[in-house]
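This report refers to the structure that appears directly beneath it.
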Amino acid sequence: MRKILSTLAVVAAATAGLTACGSSDASGETLRVGTLTDAPPSIYLENGQFTGYDNELLRDIAKREGFKVDFVGTEFSGLLAKVAGGQLDIGSSTISATAARKKTVAFSNGYDTSYTTVVSKKGAALPAANSFAGKRVGVVQGSVQDEFAAKLAGAQVVRFPDYNAGFAQLKTGGLDGWVVPKDIGQKYLDQNPAVPLEFGYTVADKDTPSAFAVAKSNTELLKKINDGLAKAIADGTAARLHAQFFKEAPIAKELEKGGPGLPVANS
């Protein structure tokens with residue numbers, strides 16, 4: 001009998017080892033979610049807890065769909081590769097669903113739209129795309145803002161692992177401009193009233209909404225996220241969470257209670 005029980009235990013352990021990144025328990029599967037620590041109000045760490053609009057919305061989706069989430073702080077530059085390789089199950093970091101990124105991962109339907117802007121010291125006069133010749137412009141490496149800055153003629157692009165590092169350089173004069181999602185830029189302006197900053201060149205991101213990233217092969221998880229997101233939009237939860245974290249910016253009309261959502265095609 002002992003030999004039989006021992007054999008069964010070995011088989012059970014081996015079977016458990018076949019699961020991918022997530023683990024299971026009686027309350028549902030726990031999935032590892034890669035996110036950032038310093039991009040409020042979308043994604044940030046507060047009192048040791050990962051929060052923000054993106055992460056609280058994902059928590060709501062997980063509860064609806066019967067799985068749990070374990071957030072892991074990750075540098076953005078390696079996030080999608082880790083999702084594609086199975087080290088992380090989900091990417092939650094205001095990830096714009098661009099055509100280039102769809103070659104690496106699959107995206108859920110969109111849960112937010114945003115603007116990309118350049119934050120600078122007041123009086124820097126950076127209002128247009130042709131204002132950046134010879135200017136040092138900071139970005140988070142691998143972000144959509146990295147792509148944005150690369151199109152600014154003559155700009156010297158300086159890449160950082162996170163938003164805090166770039167902002168620190170902007171404050172001390174190491175950068176002429178700092179390219180960020182406008183909501184994140186607004187948060188830094190609000191939190192640093194003594195620093196004379198302003199918004200410069202700004203562009204709307206209309207066709208690439210923020211979406212959650214999963215491995216291309218994980219169609220079941222993608223369906224769960226999309227189903228949960230649709231329910232959160234339908235009953236107004238997405239709009240409520242957006243209003244909680246974005247005090248001034250209204251949610252996209254498609255994401256209002258009962259709205260049609262923001263479909264994302266992965267092929």
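Read-outs throughout are calculated quantities, based only on the coordinates presented, and are distinct from any laboratory measurement. These numbers come from a predicted model, not from an experiment. For neighbour counting, all protein chains shown are included, and Cβ atoms are generated from backbone atoms with ideal geometry for every residue, glycine included.
What the table below lists for this structure:
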| quantity | calculated |
| --- | --- |
| Charge tally in the Cβ shell below 10 Å around residue 236, where Lys, Arg are +1 and Asp, Glu are -1, residue 236 excluded | 0 |
| Of (1) 81, 44, 35; (2) 80, 39, 39; (3) 44, 41, 37, the label for Cα extents along the principal axes in Å derived from the coordinates | (2) |
| Residue order, fewest to most surrounding Cβ atoms within 10 angstrom, among 122, 82 | 122, 82 |
| Extension gain (nm, one decimal) between residue 253 and residue 81, 0.36 nm per residue minus Cα-Cα | 58.7 nm |
| Separation in nanometres of the label points that stand 7 Å from Cα toward Cβ, at residue 240 and residue 49 | 1.6 nm |
| Unsatisfied cross-links (Cα-Cα over 18 Å) in the set 68/223; 151/187; 82/224 | 151/187; 82/224 |
| Formal net charge of residues neighbouring residue 122 (Cβ-Cβ distance under 15 Å; K, R +1; D, E -1) | 0 |
| GNM top mover of 86, 48, 174 - the chain, alpha-carbon springs below 10 Å | 48 |
| Extension gain, residue 266 back to residue 194 (0.36 nm per residue minus Cα-Cα distance, nm) | 21.5 nm |
| For residue 110, residues with placed amide H under 5 Å, excluding near neighbours | 262, 264 |
| Ranked list, fewest to most other Cβ atoms within 10 Å of each Cβ, for 96, 217 | 217, 96 |
| 222 nm mean residue ellipticity, helices alone, for the chain (DSSP H n ≥ 4; -39,500 (n - 2.57); rounded to 500) | -10500 deg cm²/dmol |
| Residue order, fewest to most beta carbons within 10 Å, for 104, 117, 30 | 104, 30, 117 |
